[in-house]
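Please treat every number below as a calculation from the coordinates, not as lab data. Predicted model, so just to flag it, every value in this text is computed and none were measured. Here the Cβ is made from the backbone with ideal geometry for all residues, glycine too, and neighbour counts use every protein chain on show.
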Amino acid sequence: MQPYHAPLRDMRFVLYELLGADRQLSALPGWEEVTADLIDPILDEAAKFCREVLFPLNRSGDEEGCRFENGVVRTPKGFKAAYDLFRQGGWTGLMAAGADGGQELPRLLGQMVSEMICSANLAFGIYPGLSQGAYAALAVHGDEALKRAYLPKLASGDWTGTMCLTEPQCGTDLGLIRTRAQPQEDGSARITGTKIFISAGEHDLADNILHLVLARLPDAPKGIKGISLFLVPKFVPGPDGRPGRPNGVACSAIEHKMGINASATCVIHFDDATGYLVGEPNKGMRAMFRMMNEARLAVGIQGLGLAEAAYQGAVAYARERQQGRALGKPSRPDLPADPILVHPDVRRMLLTIRAKTEGARALAAWVALEMDKAARGGDRARREETEDLAALLTPIIKASFTDMGFEAANLGVQVMGGHGYIREHGMEQLVRDARITLLYEGTNGVQALDLIGRKLTAHGGRFLRRFFHPLDAYLAAKAGDPALAEFVQPLAKAFGRLQQASAAIALQGLKNPSDAAAGAADYLRLFGLVAMGFQWARMAETALAALAEGQGGEADFYQAKLATARFFMARLLPECGALLATVAEGGKTLADFPDRAF
Amino acid sequence: MAPAIAKAAVLGAGVMGAGIAAQIANAGIPVRLLDIVPEGTAKRNVLAESAIAKMLKADPAPFMHPKNAKRIEPGNFTDDWAALADCDWIVEAVIEKSDIKRDLYRRLEAVRKPGSIVSSNTSTIPLSVLLEGLPAAFAADFLITHFFNPPRYMRLLEIVAGPQTRPEAAALIADFADHALGKTVIQAKDTPGFIGNRIGVYWLQCALAEAQALNIAIEDADAVLGKPMGIPKTGIFGLLDLVGIDLSPHVVASMLAVLPADDGLRAVLGDDSLIKGMIAQGLTGRKGKGGFYRLERGAGGAKTKLAIDLATGQYRPSRKPALDSLEAFATGGPRALLVHDDVGGRYAWAVMAKTLCYAAQLAPAIADSIADIDAAMRLGYNWKHGPFEMIDRLGAAWFAQRLQAQGLAVPALIARAAQEGGFYRVEKGARLALDAQGGAKPIARPPGVLLLDDIKRQGPRIAGNGSASLWDIGDGVACFEVHTKMNALDRDALEFLGKTLAIVPKAHRALVLYNEGANFSVGANLGIGLFAANIALWGEIEALVRLGQDCYRAMRAAPFPVVGAPSGLALGGGCEMLLHCTAVQAHAETYVGLVEVGVGVVPAWGGCAEMLARWQANPKLPKGPMPAVARCFEILAVATVAKSAAEAKDLLFLKPGDGITMNRDRLLADAKAKALALVGQPKPPEPAAYLLPGPSGQAALALAVDGFVKAGKATPHDVTVSASLAAVLCGDEADPTRPLALDDLLALERREFMRLVRHPKTLARIESMLETGKPARN
């Protein structure tokens, strides 16, 4: 099996050359030290940790899986030790506030570390990943006492977090939640109900688990408007702050899944468990959405990490495996056959993965940097712009990146042929692991509905403006540059299609919402391609500038960037035309098909 | 021909009397306004004079034009009594005390000219009571004319003629009220409260009592009784605050004094201790120290809205209504609300079921037709649908069944409607209303009234699309109707206007632009425009700007007269449509303006160019290029909206020859007549040449704007938008000696519009307008 090597060169290209992130971040208050001198060692360390500690546990963790015995969940061999190292290395608190013992580093950096973890061992990454979501929800919506008591524990990784939304009768439709909360005289509440599909709901990695649970208060309004959020610790902390009495939280089973077998997916029962209200009564969805949006971006990064892993595995195999001859002239007449890398269809698959992976990495980094900038500086208007942009791109990053991760793993298998289908090379695990990312934190279909129903329509299209105007301005500024024409012209064409599709969806939404819904997935895919295309044009521009400056021995790197950009523009972006056509068609062919004929 | 009423008088300068006098003045008729001489003052006309002064400052304004105030001659009951001899119509609007009124009538007998007509604005006193002890000669000239407050804006006038009233006198006043005062005249019977107040007072009292019985939050009560029932959003408690809570006990008492013993009102009256307590504390509504609602200013100047808790009588912070029944309405309509079992649903059902049944029981006794009752509630209480229209909307059979299921008696009229499939039906293009005898009568329109609503029932449109239609209104005249939300103009509407110009000459001689919505048009569809701008569809936006310019230009050049017939708002692109008509026949209540700067752009469908042309041609302005430019800038830079058709003439949104129609229902007929009169007449040409000041003019205007900035009256984006407006109006780089053509002006309008529409602050203004109804001051 090919070991994982973090794509550090490409990450640095994005950070320093494409975005100038070191310059921009170190200009912000409190981040004066955040320069390449600080960033590079962190990335190097993370890469090393992922290569040496997490990656070796990926296959074994998958084979062994989690075990459930007498109410206790045992993670696979080596996970506890790896988690301890992870925690001791300070990785759990990378982005947490200094006051909570965290390192308070930019989201951009945390995101790149996340990508590496997801490439190396997705199942492992889920444990600390959920803690991050819980931290974010608590930090914004929790009261001071809750924050003091719990945030440092999440930041240090001593305790982990969960999100308890799903119940047997309710998944996407959270209005159906039944778990009850009974207020107590001391201000706490007693929580009773059953939650399913709870990732990291029970495990042996940490001393305590903090469940963030959606439940209903007595007399709460029906549906989504009557849901409140509670923090329910597995052990109620004693006066010394250490885990105290058990709290009526029990795991009754773990799921047997297609993938991410080393991640415990639990059925959790709350039986009169003590919980503490987070945020306002009946306003639980607000806090939940904060957690959910964090989680959706994080799942997008999972897709990116998996795509990168698939690429590395597939390329290594394609270099070594020798079968057949290149059409025309053999490339290695000295060998009995050429490496399969010479075959156009294999190159097509490898470049497809690569072009999307690098485009996605740049796109995610751009959004993260904007969010960092808004968090540390800028006025209210600037923050609103960034919030709009993040809100708009969250469903796109979640769905198009996870589609990409799954597609990449499948292409990886395809490159390998039968050898991809057996366990030995690890590629089939990526397919199985990737499959869940299209489902959890809102299926990709739900992401598409979020995009057209909430994000596209918000404030007369204001969210869209945050993406469309910068791209429009970029195209206008570069229109006359002949060196960029091969990138800018296809992008302009694709952008025009995105504009048309957006107008079509908006009009359909007014006239017949199911027409808009019918095209939602295609619209999201179209949007994702254009968003990556925008980054590709800028990356090509950056590479051209670097070559013009004569960047010494790295010409190959920049040439490869340009070549990948050309591939993206010529071979991937044209899909936008077909996607526009299906969006414009509306939902008639779907609606007209009789239910009984299915 | 001398008008039938050449001079009028109003006795009593209270709110109603003064308002009636103002409306008579608005109609162009001189009017005396008299009241008593208060004790201890040398200013003997002080009551009338101060009423006029107050009206000149009031908003909404009782006067359609300030100069109309000069038509009111203030006076007093002592010194000017004899002068009443020159009045053809004397309206009495003094305190609701029959002895005082009768005393005035007796005094009038001594001075009024023979054949003059006297009417009372009483709202509750029966005509028979008013006439007690008065001679037959007086009774023959006497009737009741019951106006609604405010008299300028409320279209309802109830007229009650007694058995002795000369039919010609009643007809003359009805005709004058209809044509000159613009009222919809409903012939009421001599029953307590006539039509509107009989039902309206019952509804209010019932709503008040039920709210207390159910202890519903007043916000919830107003929310369920407001929009879902087609009643103004003030609902019930907001309405009581508006009209004055102290008025309510007086009205109820005077109604009770004259109502039959078995009248339903007696049964619904609830505990009035809360109201009495509030009045005692001065909590009489908006005019007092607060009412059911109250705005309180906190320490930081932040306003908090408070609401009274009906159970405790104490204020608490107001909260937004969040009722399941309101959501049920949003998805399932009024029926879903009325059957909902939460407090909102139970409340709405309790109030509306009783009120609608009350109306049905009374109908034969208080009106000639249920259509009159519906009209009275629409025009007198601003309900969107009268009670019988409401029942039809719910389904008469459904309503009757529900009454029965709830153990309530079904009034005979409702049972009948349930059988017949409703109170109204359409037969051969005519709308029929059920009558108490079980037949169905066509709804009578006064002679000369032409309504598109009626025309639509008689046959299909000539052509049209989803945004606009073309109708044949007879005598070779076609009518172009916009029917979008708020009659905003979108691409479809403009494109169809273009097609209309090609269709009309085939079989018609003239075109009228008209619709029966509340507003002629609020201008371009901002929602679509904002979305297009947000997704950077600049090409499409510019194409739409050009389409509007081309369309309006083609309309002006069309080989047949085009008459605009606006009522309500005619803003932005809607105003520009009028500016390009051959002539305009406007409803008196038309509010015209080019308000583009409010949303951060400049008029670009030819509005700047046409306003410039009109002011340049105005002989009252000094010579030279600058005066017209400066005047247009003054008007457009602050988004001036004329508050009436009369004001629109001052601003040249309307031309001196454009007509004004007082009665909304007569607008289409008047516009059609105007269009026919213009057939074959030469059309006004396009403006030929503009001599404009160029950069020096812009510098002068910038200096003026700078003054506003220093005074804190202009925001940074106002400066940007004003500069664009100035660039258009001054002709950009124009040389004051070389004229620009219309094409140049239109190109400038487009250029500056496109420049501004990309600006984030313009987009923020549009967004704010769409979401809050107010432009952002950024």
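If you put +1 on each Lys and Arg Cβ and -1 on each Asp and Glu Cβ, how big is the dipole of the protein assembly as shown around its Cα centre, in Debye rounded to 20?
Working: 148 positive and 147 negative charges, 326 e Å.
With only Lys, Arg, Asp and Glu charged at Cβ, the dipole is about 1560 debye.
Roughly speaking, what is the stretch gain from residue B:755 to residue B:475, that is 0.36 nm per residue apart minus the C-alpha to C-alpha distance, in nm to one decimal?
On the way: separation 280, 0.36 × 280 = 100.80 nm, distance 4.61 nm.
Residue separation times 0.36 nm, minus the Cα-Cα distance, leaves 96.2 nm.
Going by a ≥ b ≥ c, the root eigenvalues of the Cα gyration tensor, does the range A:159-282 fall in the rounded group (a/c under 1.5), the prolate group (a/b larger than b/c) or the oblate group?
Values: a/c = 2.19, a/b = 1.10, b/c = 1.99.
Since a/c reaches 1.5 but b/c is at least a/b, the shape of the range A:159-282 is classed as oblate.
Where does the charge balance sit around residue A:215 when Lys and Arg score +1, Asp and Glu -1, over other residues with C-beta under 9 Å from its C-beta?
Working: positive: A:178, A:180, A:216; negative: none.
After counting each charged neighbour, the total is +3.
Summarise the partner chain shielding of A:456-467 as one whole number: the mean count of Cβ atoms from other chains within 10 Å of each residue's Cβ.
5
Once every DSSP H run of n ≥ 4 in chain B is given -39500 (n - 2.57) and the sum is divided by its residues, what mean residue ellipticity at 222 nm do you get, rounded to the nearest 500 deg cm²/dmol?
On the way: 31 runs with 357 residues, N = 778.
So the calculated ellipticity at 222 nm is -14000 deg cm²/dmol.
For the range A:336-397 and the range A:191-226, what is the centre-to-centre distance using only Cα atoms, to the nearest Å?
Computed from Cα coordinates, the inter-centre distance equals 33 Å.
In nm, to one decimal, how far is the modelled label at residue A:575 from the one at residue B:426, with both set 7 Å along Cα→Cβ?
5.1 nm
Do the alpha carbons of any pairs in A:455/B:320; A:48/A:455; B:70/B:620; A:511/B:233 sit beyond 31 Å of each other, and which pairs?
A:48/A:455
Using the alpha-carbon atoms, what tilt in degrees (0 to 90, nearest 10) does helix B:370-381 show relative to the longest principal axis of chain B?
Value to nearest ten degrees: 70.
Can you give the angle from 0 to 90° between the axis of helix A:144-156 and the longest principal axis of chain A, with both taken from C-alpha atoms, to the nearest 10?
It is inclined by approximately 50 degrees.
Could you work out how far apart the two model spin labels at residue B:409 and residue A:45 are, taking each label as a point 7 Å from the Cα in the direction of the beta carbon, and quote it in nm?
Simple spin-label model gives 8.8 nm for this pair.
Using alpha-carbon pairs under 8 Å, 6+ residues apart, how would you state the relative contact order of chain B in percent? Present the calculation step by step, with values, prior to reporting the outcome.
Numbers: 1448 pairs, mean separation 61.1, N = 778.
8 percent.
With unit charges on the beta carbon (Lys/Arg positive, Asp/Glu negative), name the residue among A:464, B:671, A:317 whose Cα is farthest towards the positive pole of the charge dipole of the protein assembly as shown.
The one lying farthest along the dipole's positive direction is B:671.
Using a 10 Å cut-off on Cβ to Cβ distances, tally the other chain neighbours for every residue of A:497-506 and report the average as a whole number.
On the way: counts 0, 1, 7, 3, 1, 6, 6, 0, 0, 6.
Mean inter-chain Cβ contacts per residue within 10 Å come to 3.
So how do A:356, B:227, B:289 line up by other beta-carbon neighbours within 10 Å, fewest first? Don't skip to the end; give the middle numbers.
Values: A:356 29, B:227 17, B:289 11.
The most exposed by this proxy come first: B:289, B:227, A:356.
Give me B:99, B:368 ranked fewest to most by other Cβ atoms within 10 Å of their Cβ, as a rough exposure proxy. Don't skip to the answer; put the middle values down first.
Values: B:99 8, B:368 17.
Fewest to most other Cβ atoms nearby, the residues stand as B:99, B:368.
Can you tell me, using C-alpha contacts under 8 Å and at least 6 residues apart, the relative contact order of the range A:30-188 as a whole percent? Before the final figure, lay out each step's value.
Numbers: 147 pairs, mean separation 31.4, N = 159.
20 percent.
Return a whole-number percent for the relative contact order of chain A, with Cα pairs under 8 Å and 6 or more residues apart as the contact set.
13 percent
Quick check: from the Cα gyration tensor, does the range B:545-623 come out rounded (a/c under 1.5), prolate or oblate?
Numbers: a/c = 1.10, a/b = 1.04, b/c = 1.06.
Rounded, since a/c falls under 1.5.
Looking at this model, which pairs from B:428/B:499; B:227/B:384; B:428/B:456 are more than 19 angstrom apart at the alpha-carbon?
Exceeds cut-off: B:428/B:499.
Roughly what angle does helix B:196-214 make with the longest principal axis of chain B, taking Cα atoms, 0 to 90 degrees, to the nearest 10?
Long axis of B:196-214 versus the principal axis of chain B: about 80 degrees.
For A:383, A:290, which order do you get if you count the other beta carbons within 10 Å of each Cβ and list the fewest first? Please list the in-between numbers first.
Working: A:383 15, A:290 19.
Fewest-to-most Cβ neighbours within 10 Å comes out as A:383, A:290.
Any of B:643/B:683; A:147/B:761; A:147/A:195 with alpha carbons more than 32 Å apart? Name them for me.
Working: B:643/B:683 28 Å; A:147/B:761 39 Å; A:147/A:195 24 Å.
Exceeds cut-off: A:147/B:761.
With a ≥ b ≥ c taken as the square roots of the eigenvalues of the C-alpha gyration tensor of the protein assembly as shown, please select rounded if a/c is under 1.5 and otherwise prolate if a/b is larger than b/c or oblate if it is not? All intermediate terms of the calculation are to be shown ahead of the outcome.
On the way: a/c = 2.44, a/b = 1.71, b/c = 1.43.
Judged from the Cα gyration tensor, the protein assembly as shown comes out prolate (a/c at least 1.5, a/b above b/c).
Per residue of B:530-543, how many C-beta atoms from partner chains lie within 10 Å of its own C-beta, taken as a mean?
Numbers: counts 5, 12, 6, 5, 14, 16, 15, 7, 3, 2, 3, 0, 0, 0.
Counting other chains' Cβ atoms within 10 Å and averaging over B:530-543 gives 6.
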